[in-house]
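S.K.: I'd like to ask some things about the structure below.
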Amino acid sequence: MQLLEEHWSFMDGYAEGMIARGPTLAEDGLTATGSLHVVDLPDAEAVRVFAFEEPNYKAGVYAEVLIRRFRNLLGRTMWEFGGDPDASRFLVIAHARPGANEPHPDSFDAGAHETQLILCGPLLSDDGLAWVGDALAVDLPAREAVEDLIAADPLARAD
């Protein structure tokens with residue numbers, strides 16, 4: 001409980017820049033497997049502090065921390081998305097094949113899925129110049145519906 005209090009106190013200091021956050025869960029929907037934080041931070045030092053001074057990290061809770069630059073195409077937070085926070089939500093991380101070029105902005109029609117997408121956008125290299133994949137947080141009833149959404153995407157069809 002003390003660690004939980006420290007975690008929330010630490011997160012409160014980032015409330016203004018928080019775009020999305022929450023636990024990642026196993027298929028049973030109950031077992032925590034990690035944590036997701038999408039936060040707008042001013043520079044690499046702020047990212048380092050956020051990731052490595054966070055109480056759970058310092059206590060050894062996380063086996064690894066993955067940091068990626070992200071462009072928030074929808075321009076909203078998960079709280080602006082609304083919806084039922086207890087509904088089935090899924091995180092999709094799609095890493096680009098080595099040497100792949102950034103897709104055309106119209107290759108995925110985020111607007112067509114606006115009621116299902118909590119957030120979506122490209123993942124970028126550390127310097128912010130190269131596209132390295134995409135990230136989506138989606139509100140869909142089941143994993144199969146997420147797989148159908150991805151399978152219909154032009155990038156997935158192009159392999």
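Quick note: the coordinates plus some simple rules give every number you see, no bench work behind them. The model shown is predicted, which means the values in this text are computed figures rather than measured ones.
S.K.: In a GNM of the chain with a 10 Å cut-off on Cα contacts, which of Leu41, Leu66, Leu149 has the highest mean-square fluctuation?
M.R.: Ranking Leu41, Leu66, Leu149 by mean-square fluctuation puts Leu66 first.
S.K.: Expressed as an acute angle from 0 to 90° and rounded to the nearest 10, what is the orientation of the C-alpha long axis of helix 2-12 relative to the principal long axis of the chain?
M.R.: That works out to roughly 60 degrees.
S.K.: May I ask you to derive the relative contact order of the range 4-144, considering only C-alpha pairs under 8 Å and at least 6 residues apart, and to give it as an integer percent?
M.R.: Numbers: 179 pairs, mean separation 31.7, N = 141.
Answer for the range 4-144 is 23 percent.
S.K.: Summing -39500 (n - 2.57) over the DSSP H runs of n ≥ 4 in the chain and dividing by its residue number, what mean residue ellipticity at 222 nm do you reach, to the nearest 500 deg cm²/dmol?
M.R.: -6500 deg cm²/dmol
S.K.: Let me ask another. So which residue, out of Ala130, Ala51, Ala32, gets the largest mean-square fluctuation from a GNM of the chain using Cα contacts under 10 Å as springs?
M.R.: Judging by the Gaussian network model, the answer is Ala32.
S.K.: Rounded if a/c is under 1.5, else prolate if a/b is larger than b/c, else oblate: which is the range 11-88, with a ≥ b ≥ c the root eigenvalues of its Cα gyration tensor?
M.R.: Oblate.
S.K.: Springs between alpha-carbon pairs under 10 angstrom, Gaussian network model over the chain: which of Ile67, Ile118, Ile19 fluctuates most?
M.R.: Of the options given, Ile67 has the highest mean-square fluctuation.
S.K.: Given N residues in the chain, what is its alpha carbon radius of gyration divided by 2.2 N^0.38 Å?
M.R.: 1.07
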